[in-house]
Protein chains: 2
Amino acid sequence: MAQKVKLSTIAEALGLSTATVSLALRDSPLVAEVTRERIKAEAIASGYIYNRRAASLRTSKSGIVGVCVHDIMNPFFGEILIAIEHELDRHRQTFILSNHYDNLSKQRSFVDTMLQLGADGLILSPAIGTPASDLELAEGNSLPVVLIARTVEGSDAGSFRGDDSIGMAMLVRALIAEGHRSIAMVGGTSKTSTGRLREAGYLHALAEAGIEFRPEWRIAGPRGRHSGFDAAETFVRIAERPTAVCCFSDLVALGFMYGLSRAGLRPGIDVAVAGYDDIDEAAIATPPLTTVANGQKEVGRRAASALLARLGGTAFAETEELIVPELRMRQSSGFDWNARPDLK
Amino acid sequence: MAQKVKLSTIAEALGLSTATVSLALRDSPLVAEVTRERIKAEAIASGYIYNRRAASLRTSKSGIVGVCVHDIMNPFFGEILIAIEHELDRHRQTFILSNHYDNLSKQRSFVDTMLQLGADGLILSPAIGTPASDLELAEGNSLPVVLIARTVEGSDAGSFRGDDSIGMAMLVRALIAEGHRSIAMVGGTSKTSTGRLREAGYLHALAEAGIEFRPEWRIAGPRGRHSGFDAAETFVRIAERPTAVCCFSDLVALGFMYGLSRAGLRPGIDVAVAGYDDIDEAAIATPPLTTVANGQKEVGRRAASALLARLGGTAFAETEELIVPELRMRQSSGFDWNARPDLK
């Protein structure tokens with residue numbers, strides 16, 4: 001890519017206007033098919049690079065925003081990403097994505113790449129163990145950072161997420177209101193703020209109702225569908241099996257329901273099951289999954305807006321913005337007390 | 001980012017060796033915590049950008065590979081991406097990801113960004129309607145392209161995918177061998193090579209067995225879980241309801257099974273259901289899903305290897321490489337003929 005070929009070079013070579021060349025390279029139907037093909041052939045031959053962001057480059061902005069999360073395949077993040085992209089699209093920012101798999105050095109490598117590319121900003125669900133100094137290093141290098149889903153202790157980076165402890169407490173209160181007195185919690189880890197806060201909400205709701213927590217009720221660890229499936233094996237071996245289970249996330253809950261079925265137990269009948277996030281699949285699952293709407297769309301929209309505002313020179317409040325969670329009661333938590341006369 | 005601060009600048013300012021500074025910025029435990037914090041503070045203050053790829057930049061390679069698919073959230077792609085990343089990691093290439101949602105202008109915008117960043121190569125599942133000239137434009141600008149999952153007519157770009165027509169034919173033959181004579185196909189579109197090839201395999205297997213295809217058996221369109229769920233509504237209204245259904249993908253099949261349950265039909269008992277891809281979820285689903293292993297790991301590994309070989313100067317065969325599919329028979333296709341005495 002040594003030489004710099006301009007639109008006008010191609011236009012002159014073919015005896016066309018630069019406007020026609022520009023339209024043709026965007027595949028506009030305003031230019032006849034045959035002309036478009038001639039123009040493209042010339043562009044290839046001359047080594048032209050179509051530079052969509054020439055204008056923004058002149059103002060020294062790359063037009064690129066980096067987004068890094070631990071698991072792109074989790075629909076929870078997928079739904080946040082769609083909202084982010086929708087917002088960035090409106091401002092002609094391109095969005096570059098990466099998975100850090102909660103591996104700090106992978107996250108650092110991505111941030112590093114963004115710095116080298118001169119990215120305009122970074123939206124991050126911080127990897128486990130991210131020190132506040134990592135975020136400062138980015139900010140110190142003119143890479144504004146906005147956090148989603150998780151927080152970083154000691155950092156004043158703007159953070160957008162659902163209110164995890166309140167949401168889980170609401171859910172557990174609802175299970176208690178249905179008559180449950182023994183409720184397990186499956187999944188999540190104390191290494192993430194999300195895991196700590198949801199567990200705190202669970203324990204709080206139990207304590208508030210005067211229910212004594214039993215250590216065997218807490219099956220920590222699972223954060224995906226398959227590990228949720230595996231956790232059902234541990235669950236069915238609990239001596240006095242809890243009648244209800246709240247899971248760390250919908251993915252864990254959906255896997256856990258598969259696991260219960262495999263063990264011959266009917267979710268929603270033999271065991272009440274609830275998830276967290278209200279991903280699209282929750283409402284169509286068999287049985288439909290009781291869960292907590294966690295505001296993915298709002299998280300994505302607000303995080304992108306805040307970053308864009310900052311890029312535009314408007315500071316945003318450097319504090320947490322918590323989205324208020326909402327309960328979604330569905331059949332998976334409709335435990336059938338008649339199926340367990342021993343518990344009546 | 002006007003000034004260029006070197007490791008040695010920071011080292012001198014603090015009276016430390018450049019090696020210590022380098023280790024500290026990588027958060028190496030070889031440097032005492034307190035020293036690391038001092039070094040990071042100095043790096044932030046001086047505006048240092050840690051340049052992991054300085055060496056590769058000197059050889060004018062960016063160390064960046066772009067990957068663009070239509071739906072990152074589809075575990076089929078997720079599993080390919082993990083294999084690609086595994087291969088790229090070993091060669092210290094960074095991988096940048098984007099969704100084109102089958103929107104050609106989004107794909108072009110991503111390719112454009114990759115050109116501007118001087119990316120080393122591109123792995124693409126081409127958007128619907130991608131003309132061969134788009135791939136030539138990238139290649140002409142020194143951006144080698146490797147295709148995954150789908151092909152582009154008229155392009156000689158290397159392409160890695162499972163053998164879609166053979167795979168679907170194998171599956172439909174297996175359903176016929178179980179006694180089925182009326183088999184629907186749900187999902188997929190003739191706009192993608194994958195959709196066309198799988199449909200061709202389905203029609204071929206029917207014809208081969210002397211089964212006359214009926215237009216109402218083909219419910220085209222769905223490519224995700226939710227649209228698979230919705231398709232079940234159409235399916236249950238077919239006057240002479242087919243006893244078996246092969247779906248375009250596992251995601252479609254898993255959603256379709258949810259939809260059957262919602263309609264009061266039991267997948268695997270009232271209707272035999274099969275998917276395609278053998279994503280991780282297929283084996284743990286309720287009921288476990290009959291499907292075709294589509295070689296995601298192999299697709300990812302081979303595509304990344306081929307691109308890396310090309311970056312290293314080794315040409316790879318510019319032809320299609322088809323991964324041989326394998327049947328996975330599970331309970332979802334275990335239609336219970338005793339439940340439908342009318343069909344015996």
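The table for this structure:
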{"item": "Among residues of region B:272-293, those that are away from every other protein chain (no Cβ under 11 Å) and more than 20 Å from B:Pro222 (Cβ to Cβ), counted", "result": "1"}
{"item": "Set B:Gly129, B:Gly154: member being part of a loop (DSSP other than H, G, I, E, B) and without any contact (Cβ under 8 Å) to a residue 40 or more places away in the chain", "result": "B:Gly154"}
{"item": "Residues satisfying the stated conditions in region A:306-344, i.e. at pLDDT 90 or above and hydroxyl-bearing (Ser, Thr, Tyr)", "result": "A:Ser332, A:Ser333"}
{"item": "Filter result for the condition that a residue is aromatic (Phe, Trp, Tyr), assigned to a strand (DSSP E or B) and either touching a Gly at 6+ places or on another chain (Cβ under 9 Å) or surrounded by fewer than 19 Cβ atoms within 10 Å (Cβ to Cβ) (or both), over A:Phe110, A:Phe160", "result": "A:Phe160"}
{"item": "Search result, residues across region A:194-223 that are under 30 Å from B:Ile279 (Cβ atoms), crowded, with 19+ Cβ neighbours inside 10 Å and not charged (D, E, K, R)", "result": "A:Thr194, A:Gly195, A:Ile219, A:Pro222"}
{"item": "Any hit, region A:302-322, residues being within 14 Å of another protein chain (Cβ to nearest Cβ), among the basic types (Lys, Arg), touching a residue at least 24 places away in the same chain (Cβ under 8 Å) and surrounded by 18 or more Cβ atoms within 10 Å (Cβ to Cβ)", "result": "no"}
{"item": "Looking only at region B:237-271, and only at residues there that are farther than 17 Å from B:Ala283 by Cβ, touching a Leu at 6+ places or on another chain (Cβ under 7 Å) and hydrophobic (A, V, I, L, M, F, W, C), the one that is nearest to the other protein chains (Cβ to nearest Cβ)", "result": "B:Val271"}
{"item": "Residues of region B:224-242 that turn out to be buried (at least 16 other Cβ atoms within 10 Å of the Cβ), among the small types (Gly, Ala, Ser) and part of a loop (DSSP other than H, G, I, E, B), as a count", "result": "1"}
{"item": "Residue in region B:113-122 that is part of a loop (DSSP other than H, G, I, E, B), over 23 Å from A:Leu88 (Cα atoms) and either out of contact with any Asp or Glu (no Cβ under 6 Å at 6 or more places or on another chain) or more than 9 Å from every other protein chain (Cβ to nearest Cβ) (or both) present", "result": "yes"}
{"item": "Condition check for B:Ser165: away from every other protein chain (no Cβ under 14 Å), touching a helix residue (DSSP H, G or I) at 6+ places or on another chain (Cβ under 7 Å) and closer than 20 Å to A:Thr286 by Cβ", "result": "no"}
{"item": "Residue selected from region B:87-107 under the condition under 20 Å from A:Lys106 (Cβ atoms), within 11 Å of chain A (Cβ to nearest Cβ) and surrounded by fewer than 20 Cβ atoms within 10 Å (Cβ to Cβ), by the criterion nearest to the chain's Cα centre (by Cα)", "result": "B:Asp89"}
{"item": "Meets criteria (among the hydrophobic types (A, V, I, L, M, F, W, C), modelled with pLDDT under 85 and more than 18 Å from B:Gln107 (Cβ to Cβ)) for A:Leu30", "result": "yes"}
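The values are calculated or read from the model by the stated rules, or taken from the named source; none is laboratory data. Not measured: the values here are computed from a predicted model. Because the Cβ atoms are built from the backbone with ideal geometry, glycine has one as well, and the counts that use them run over all protein chains shown.
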